[in-house]
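The values are calculated or read from the model by the stated rules, or taken from the named source; none is laboratory data. Keep in mind that what you see is a predicted model, and the values were worked out from it rather than measured. Heads up, the Cβs are rebuilt from the backbone with ideal geometry, glycines too, and the neighbour counts pull from every protein chain shown. Surface accessibility is based on the protein's heavy atoms, side chains included, excluding ligands, DNA and RNA. Shrake-Rupley method; radii C 1.70, N 1.55, O 1.52, S 1.80 Å.
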Amino acid sequence: QVFALHDIVGKFYIAFRDQPTLMEMFIEVLLYAALAGGEISMIERNILLNICYQLDFSNSDYERLVHVIKAEYHHAKLRNSRKPNKKVKKEMLFDAYAILDTTPEASDEEVKRAYRRLTSKHHPDKLISKGLPEEMLKVAESKTRKIRAAYEQIRDTRGI
């Protein structure tokens with residue numbers, strides 16, 4: 001039996017085209033699955049880019065999400081290291097900025113805005129009211145925790 005991915009993604013787009021946050025979360029879930037093994041293979045990348053194309057999700061937005069999710073994985077790995085030295089702390093801070101989709105050059109206000117925007121976008125209560133399926137609630141909760149941890153690290157480092 002052949003899995004008609006193109007048709008299924010098309011139906012998904014029709015059902016959720018007016019909810020870009022849910023479509024982005026769908027792509028994030030696919031990226032988490034693809035990156036669980038470490039790297040995205042060329043075949044996986046092509047499939048993911050095809051899905052993004054069908055959902056009117058740009059290649060640059062895809063690359064941005066890959067960067068953010070890789071930073072989340074790397075940040076978690078470093079956070080679990082026993083004795084973080086200066087180099088590890090610097091890498092963790094760099095990852096924290098990536099998680100917030102900002103840079104170390106951003107002003108304190110820009111960092112706060114990024115944090116608020118992402119928290120609002122991924123907050124489970126808000127997503128449930130927009131129709132997020134219950135199964136996706138854990139993903140939203142996890143994402144919110146990662147965003148909060150990244151912001152707290154930046155805030156503590158900067159003294160915001």
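Taken across segment 135-158, residues that are among the polar types (S, T, N, Q), open to solvent by 60 Å² or more (accessible area, probe 1.4 Å) and touching a residue at least 24 places away in the same chain (Cβ under 8 Å) do occur, with at least one present. So which of GLU63, GLU91, GLU141, GLU134 is within 24 Å of ASP18 (Cα to Cα) and more than 16 Å from the chain's Cα centre (by Cα)? Of GLU63, GLU91, GLU141, GLU134, the one residue that is within 24 Å of ASP18 (Cα to Cα) and more than 16 Å from the chain's Cα centre (by Cα) is GLU134. Looking at SER120, is it more than 18 Å from the chain's Cα centre (by Cα) and closer than 14 Å to LEU22 by Cα? So SER120 does not fit the description; no.
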